[in-house]
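What follows draws every value from the coordinates through simple rules; no lab data is involved. This is a predicted model, so every value here is computed, not measured. Cβ sites come from the backbone with ideal geometry, for glycine too, and all protein chains shown count toward neighbours.
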Amino acid sequence: MSAPLLEVRGLRKHFPIRSGLLLRTHAWVRAVDDVSFSVAPEETLGVVGESGCGKSTLARLILRLLEPDAGDVTFLGEDLRSAGRARLKRLRRDMQLVFQDPHASLNPRMTIEDAVAFSLVVHGTGRREARAQAWRVLERVGLDPRLYGRRYPHELSGGQRQRVNIARALVLDPKLLVLDEPVSGLDKSVQAQVLNLLQDLKAERALTCVFISHDLNVIEYVSGRVLVMYLGQVVETGTVDALAESPKHPYTQALFASAPTMDPSRRLERPPITGDPPNPVNPPSGCRFRTRCAHAMPRCAEAVPPPIMLAPDHAVACYLYQ
Amino acid sequence: MAHPLAPSIATGEVETVVGAPMSYWRTVAWRLRQDPTTIAAGSLLLLIALAAILSPLIAPHDPSAGSIRLRLAPLGTSSHPLGTDEQGRDMLTRLLWGGRMTLLAGLTPVLVGFVLGTVMGVFAGFVGGLTNTIIMRTMDVFYAFPAVLLAIAISGSLGPGLWNTLISLSVVFVPRVVRVAESATVQVKSLEFVAAARASGSGVWPIMRHHLLPNVLGPVLVFSSTQVSLSIILAAGLSFLGLGVTPPAAEWGLMLNTLRGSIYVNAWVPALPGVAIFLTSMSFNLLSDGLRDAMEIRG
């Protein structure tokens, strides 16, 4: 495997819960806890997990929109945490984020072309040139700039807005694209269009992607490798085929088993796991999945299971495999 | 009139016109022009403001020249169409001159509140944390008092006069605007397009200028416009109580006060300043309602 484009080591982010007049901290949300992975150039890593498992926080940590409490992010061989302001600004051209909510992710007071051109202007491109480039990218994502360029976000449909979001991320010609649930807010048919557009763009521009989603079908469609998160921790990583065919971690098994299927022979009588994930404010000790796990053993409560390599590209954090 | 966002193929300028909507502020202006209530209120206010500004030119008499023989003349008296007050001064002249004072005392505090309140509110909302707590809790102290009571207390301790009225009313309006500006800033700051701007490497100022302020100023502007009518009534109220503008200056609230004793002699003349206050503050209210509707972003 070639040198990774993005490497994340021991990333951790805990959010304090403050209240009262003195803003005293009385609890911590452990959103991301000791997450490590790497992404090779032109690879797509899928990140999957239930809502509230820290996927979006992870996306923001990778791009240093949030400061991590611990851990390192290495991008293009450079440590992002120690990068100075000017250096970080330069690096940000190469890594962009596509957001989930097509409503909140576009400024309601900015026209589409201005929204796309804004990042270029920030990096010192002249207004005319920035607009010309914005038009080219808008055209590429399937929005006629002469028709939509001067429109405001509320005049566009959800799918069109997500195309604008993608155009805004691509206009800087990044190497890494982090996509935070880019299709969850869209209708199924529009989802397919946007996913196909993303696949085309990825091939065309040799993009490396971190694709975050709770939807396994989407993850299976786009990813080469998959990382499964549960309550802020990585429980299993592997190629999408390995995980789909023989998931090892009980949580991954449950996740793949609960995905709706068209194949009657694979349908289940009862859902494999029930209930909501525990509160990340006070997660269970040891393995965080043990409260919902059928195989839970006494030692699961003692310490967090370390990742165990089952194959060169398949790791699972579960005592069942030790 | 066709909606501006509709394609106007009939004009022949298909290439440029189709799907090229107008800018946000032009849309707002267009909507305002479509609303008869707003047109009426705006026209009335324009008339009142023009009359007040031009009062030295158009007023038929000297505002402080009275006549002992012609006191409390009824409406329709020749050469005094709106009658005279208890010192025989021409009511029309005094209402025109009084409008200057009342509008000045009504608009200035809101303007001061808008500017200072927006700066403080956006700062508090943007910085957050302890700074936010200190600023906002300080504002809450002022907010805890009813507006009238606060204005009277400050005016009372500063003494009467136009400047003191302006200061005391500004103190009333700044905290209100700060609250609106702060909550709008906190809300907008957490939206994803601000994060997107940060992710593209933008610094604080471009984010403020292009992303934060355009979205915060709208609600603050609408809120401030609703406060103008209140400010006019408070300014007139302070004068009525003798805490505002001092005689012999003409001011609607002060005129109400001095004419109050004459209400049983000639009920119509003392009612005039009240009618003027009512019409002005109602027009401002209707205008701000229209502005709020026009500035709404409709999907």
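For region A:33-112, give the magnitude of the charge dipole about the Cα centre (Cβ charges: +1 Lys/Arg, -1 Asp/Glu; no others), in debye to the nearest 20.
660
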remark   = Here FRET efficiency (C-beta to C-beta, A:Glu204 to A:Ile17, R₀ 45 Å, nearest 0.05) is 0.50
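Taking 0.36 nm per intervening residue step and subtracting the Cα-Cα distance, what contour gain separates B:Asp62 from B:Thr77 on full extension?
Gain in length upon complete extension: 3.7 nm.
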remark   = Here the longest stretch of chain B that holds no GluC sites (Glu not before Pro) in a DSSP loop having at most 13 other beta carbon atoms within 10 Å is B:14-295
inquiry  = To check you understand DSSP bridge types, tell me what percent of the beta bridges within the protein assembly as shown (both residues inside) are antiparallel, rounded to 5.
reply    = 65
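Taking the inverse of the average 1/r across all pairs of different Cα atoms in chain A, what Kirkwood radius in Å do you get?
For chain A, the Kirkwood estimate is 21.0 Å.
Which of the trypsin sites (Lys or Arg not before Pro) found in region B:189-291 are loop residues per DSSP with 12 or fewer other Cβ atoms within 10 Å of their Cβ?
Here no loop site has a sparse enough neighbourhood.
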ask   = R0 = 30 Å: FRET efficiency of A:Ser189 with A:His154, Cβ-based, nearest 0.05?
value = 0.85
ask   = Can you give the Rg to Rh ratio of region A:100-173, both from alpha-carbon atoms, with Rh computed by the Kirkwood formula?
value = 0.92
task = With the cut-off at 33 Å, report for the protein assembly as shown the share of all Cα pairs above it, as a whole percent.
result = 59
query = Loop-only check: which trypsin sites (Lys or Arg not before Pro) in region B:19-111 are DSSP coil with at most 14 other Cβ within 10 angstrom?
reply = B:Arg69
request  = Taking only the C-alpha atoms, wrap a convex hull around region A:1-119 and report its volume per residue in Å³ as a whole number.
outcome  = 169
remark   = According to the Cβ-distance criterion of 4.7 Å, cysteines of the protein assembly as shown with no possible disulfide partner are A:Cys53, A:Cys209, A:Cys293, A:Cys318
remark   = A chain fully extended from A:Asp34 to A:Arg128 at 0.36 nm per residue, minus the present Cα-Cα distance, gains in nm 29.3 nm
remark   = A correct Kirkwood calculation over the Cα atoms of chain B returns a hydrodynamic radius in Å of 21.8
request  = Would you mind checking which residues have amide H under 5 Å from A:Phe211's amide H? H placed 1.01 Å from N; only 5 or more apart, or other chain.
outcome  = A:Leu45, A:Gly46, A:Val47, A:Leu179
remark   = Computed over region A:164-321, the Cα gyration tensor eigenvalues, each multiplied by 5 and square-rooted, give semi-axes in Å (largest first) of 31, 19, 16
message = Run the reach check for A:Lys13 against lysines, Cα to Cα strictly under 30 Å, same-chain hits fewer than 8 apart removed. What comes back?
response = A:Lys55, A:Lys89, A:Lys175, A:Lys202, A:Lys248, B:Lys189
